Amino acid sequence: MEDFYKKQEIISRYQFDIKDYKEALRLAYELLEEYPNLPQAYAEIASVYGSMGNYDKSIEYKTKAIELKPEKISLYYFSRARIYFYKGDFYNAIDDSLHVIDNEHLDFRGKCLSAIYLHVLILACLCTNQFDLAKEVFDKHMEDDYVYYTKPIKGRITKQRIYNCIEKKINILYDV
């Protein structure tokens, strides 16, 4: 496994630092050839495709990783939810996020990574006008005084700021 992680680090360098996606993808496929039964190998390919903006391929490989039933399956579902969100497929983003929440695969409270995916879920709910679900998830899982840093909403996010966004969207929609 040590060799796997070294190769994974090299792929990340090509993907994120050098931005040579073609080379990162080539290396990721080599990794998959070496470790065909390892979900992380599929996840690496999914990650590179996501960075390239090829969300369909990214979802395809993330799904293959999920089918191998990885130990931390919730992270794979949430990762795929984020890809669906970026693709604009908000309903599938919601389904994957709720799958994890409904099956209690992860303790959400106070975890930054979980907060990022909760933001994706809440934003997907807002984009599909599912305001009640957005409020329910928000009230049930978000810490009162926790500060979140997220990619979907750029900048510093507090619970009050998200709640204000939900209320504003509802008010705009219903002309209140």
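The values are calculated or read from the model by the stated rules, or taken from the named source; none is laboratory data. Computed from a prediction, not measured in an experiment: that's the story for all the values here. No Cβ is skipped: glycine too gets one built from the backbone with ideal geometry, and neighbour counts run over all protein chains shown.
Values computed for the structure shown
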read-out	value
Among residues of region 1-56, those that are part of a loop (DSSP other than H, G, I, E, B) and either among the acidic types (D, E) or surrounded by 14 or more Cβ atoms within 10 Å (Cβ to Cβ) (or both), counted	4
Members of region 57-74 found to be of a type in the set (D, E) and either over 17 Å from D95 (Cα atoms) or outside any helix (DSSP H, G or I) (or both), listed by number	E71
Members of region 21-79 that are over 15 Å from the mean Cα position of the chain (by Cα) and among the small types (G, A, S)	A24, A28, A41
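For every residue, the table says whether it meets (1) β-branched (V, I, T); (2) under 14 Å from V120 (Cα atoms); (3) not assigned by TED's automatic domain parsing to the domain that holds L123.
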position: Y49; (1), (2), (3): no, no, yes
position: K62; (1), (2), (3): no, no, yes
position: I83; (1), (2), (3): yes, yes, yes
position: D95; (1), (2), (3): no, yes, no
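A quick yes/no check of all residues on (1) touching a helix residue (DSSP H, G or I) at 6+ places or on another chain (Cβ under 8 Å); (2) touching a residue at least 12 places away in the same chain (Cβ under 8 Å); (3) of a type in the set (V, I, T); (4) within 21 Å of V137 (Cβ to Cβ):
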position	(1), (2), (3), (4)
R26	no, no, no, no
L32	yes, yes, no, no
A46	yes, yes, no, no
P70	yes, yes, no, no
S74	yes, yes, no, yes
D96	yes, yes, no, yes
